[in-house]
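The values are calculated or read from the model by the stated rules, or taken from the named source; none is laboratory data. Owing to the predicted nature of the structure, the values given are computational and were not obtained by experimental measurement. Here Cβ is always computed from backbone atoms with ideal geometry, including for glycine, and neighbour counts include all displayed protein chains. SASA here: full protein model, heavy atoms, side chains in, ligands and nucleic acids out. Shrake-Rupley method; radii C 1.70, N 1.55, O 1.52, S 1.80 Å.
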Amino acid sequence: MDDYPLLNVFLTMMYFFLWMMWFFLLFKVITDIFRDHSLSGWAKTLWLILVIVLPYVGVFIYLIVRGRTMGSRDVEEAGEREAAFRKYVQEAAGSGSSHVDGLARLADLKNKGDISAEEYDQAKAKLLA
């Protein structure tokens, strides 16, 4: 360890960190290319070829040309995911309460005398089936 100075350790860590940031940025650009619905298939292909063949230049050109809309696409996708999650939760929570509401209505109809006990039992069995 004596032949590797502390400054070189810090430089190596910095280079490694920058290298990891570069891969993160490269993957972010590639996923943004495929996520964008306004680009045609040919435009996506050309951007992808530019990013793969000339990675540093291609990514920087992409960020300059289309960087402003990357954030809006992220926000839009997050909103769509949140809406889908909320819809799923409402459907999952609502499916159990519909049985409870139906049973409450049936009990109310039975207590009022609008339906007989046999009709109540048949409707209850049908609702719970």
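Values computed for the structure shown
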item: Segment 1-27 residues that are within 22 Å of Ile61 (Cα to Cα), paired with ones that are at pLDDT 90 or above and surrounded by 10 or more Cβ atoms within 10 Å (Cβ to Cβ) (beta carbon under 7 Å, 6 or more apart); result: Leu25/Val59; Leu26/Val59
item: Residue match in segment 102-116 (condition: surrounded by 11 or more Cβ atoms within 10 Å (Cβ to Cβ), part of a helix (DSSP H, G or I), without any contact (Cβ under 8 Å) to a residue 12 or more places away in the chain and touching a helix residue (DSSP H, G or I) at 6+ places or on another chain (Cβ under 7 Å)); result: yes
item: Breaking point among (1) touching a helix residue (DSSP H, G or I) at 6+ places or on another chain (Cβ under 8 Å); (2) open to solvent by less than 100 Å² (accessible area, probe 1.4 Å), for Ile52; result: (2)
